[in-house]
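J.: I'd like to ask some things about the structure below.
Just so you know, all these numbers are worked out from the coordinates, no wet-lab data involved. Source: prediction; values computed, not measured. A quick note on method: Cβ atoms are made from the backbone with ideal geometry, for glycine too, and the neighbour counts reach across all protein chains shown.
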């Protein structure tokens, strides 16, 4: 079978890396830690981060290894995506490869928990240093509940919430997560918006109504919006709203990064002063 493409976009991806890309475009100083192989995709991944002004001092290159990559086919008329991806062949980043000096100077540590041993180690060190910990929970896998206990903000996907709560009950999932310790928890629900809990307060809001082209990267940039708000000292409602608005803008363009709203657009919508 042959299928003609109407458009093709080549971009970096990944939950944490895309969130950092958005934050860097919004004027936040970012450093990335992770692993790539010494293949073509590894070079592309590193360049995509550096071009955004992200410090790649924590990026480890595994020799004679292949990097993770994905091919995503977005069908706008059907509002669906097909994702084809390959796992990396090199070893995950190890705790001993984390630059603790950089971590301890940070204001916030963001992880997607994909390299769990290193993520948990870094979260523990961040907590000791008084650094905020934010987690993007895409899938309920081993170690994620322990990571929630170390986090200040823990926002999960609808599928994670379903597995955690044993059914379609995002409010129950929020209560369960909140009991683990994070002061802000939430569940992203795609076009249905999100349910979140800040302390004892439940916050629910529908998604921004847009004519989506591609939902790749929306969840990643939702987290970036929340993180931006936390760093600015905004309340939970405003931080979550930025996440939802930014995610909606991303869906208007093909790819997970092309549609990230500019800093100028962000400042105009949320009346953010310069500086």
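J.: If r is the Cβ-Cβ distance from residue 91 to residue 238 and R0 is 25 Å, what FRET efficiency results, to the nearest 0.05?
T.: Taking R0 as 25 Å, the efficiency between residue 91 and residue 238 is 0.05.
J.: Sticking with this structure for a sec: Give the residues of the range 250-273 whose amide nitrogen is closer than 11 Å to a point set 7 Å from the Cα of residue 75 in the direction of its Cβ.
T.: From the range 250-273, the list is empty.
J.: Two decimals is fine: what's Rg over Rh for the range 218-268, C-alpha atoms, Kirkwood radius as Rh?
T.: With Rh from the inverse mean 1/r over Cα pairs, Rg/Rh is 0.96.
J.: Tell me, what is the percent relative contact order of the chain, built from C-alpha pairs under 8 Å that lie six or more residues apart?
T.: Details: 536 pairs, mean separation 42.2, N = 275.
Relative contact order comes out at 15 percent.
J.: Helix-only estimate, please: 222 nm mean residue ellipticity of the chain, summing -39500 (n - 2.57) across DSSP H runs of length 4 or more and dividing by its residues, to the nearest 500.
T.: -11000 deg cm²/dmol
J.: Can I ask one more? Once the convex hull of the C-alpha atoms of the range 175-275 is built, how many Å³ does it hold per residue, rounded to a whole number?
T.: Looking at the range 175-275, the number lands at 97 Å³ per residue.
J.: Ignoring solvent entirely, what values of log10 I(q)/I(0) come out of the Debye formula for the range 81-142 at 0.24, 0.30 Å⁻¹ when each Cα is a single scatterer?
T.: Result of the Debye calculation: -1.04, -1.34.
J.: Moving to a separate point now. Using a Gaussian network model of the chain whose springs link C-alpha atoms within less than 10 Å, name the residue from 223, 110, 175 with the highest mean-square fluctuation.
T.: 175
J.: Report, largest value first, the span of the C-alpha coordinates of the range 1-50 along each principal axis, in whole Å.
T.: The Cα atoms of the range 1-50 stretch 45, 27, 16 Å along the principal axes, largest first.
J.: Taking the Cα centre of each part, how many Å lie between the range 258-272 and the range 54-73?
T.: Comparing the Cα centres of the range 258-272 and the range 54-73, I get a distance of 29 Å.
J.: Given N residues in the range 141-212, what is Rg(Cα) / (2.2 N^0.38 Å)?
T.: Working: Rg = 12.0 Å, N = 72, 2.2 N^0.38 = 11.2 Å.
Rg over 2.2 N^0.38 Å, computed on Cα atoms: 1.08.
J.: For the range 75-233, what is Rg from Cα atoms divided by 2.2 N^0.38 Å, rounded to two decimals?
T.: It is 1.08.
J.: Considering only DSSP beta bridges where both residues belong to the chain, give the percentage that are antiparallel (nearest 5).
T.: About 50 percent, rounded to the nearest 5.
J.: Grab the alpha carbons of the chain, take their convex hull, and tell me the volume per residue in Å³.
T.: 140 Å³
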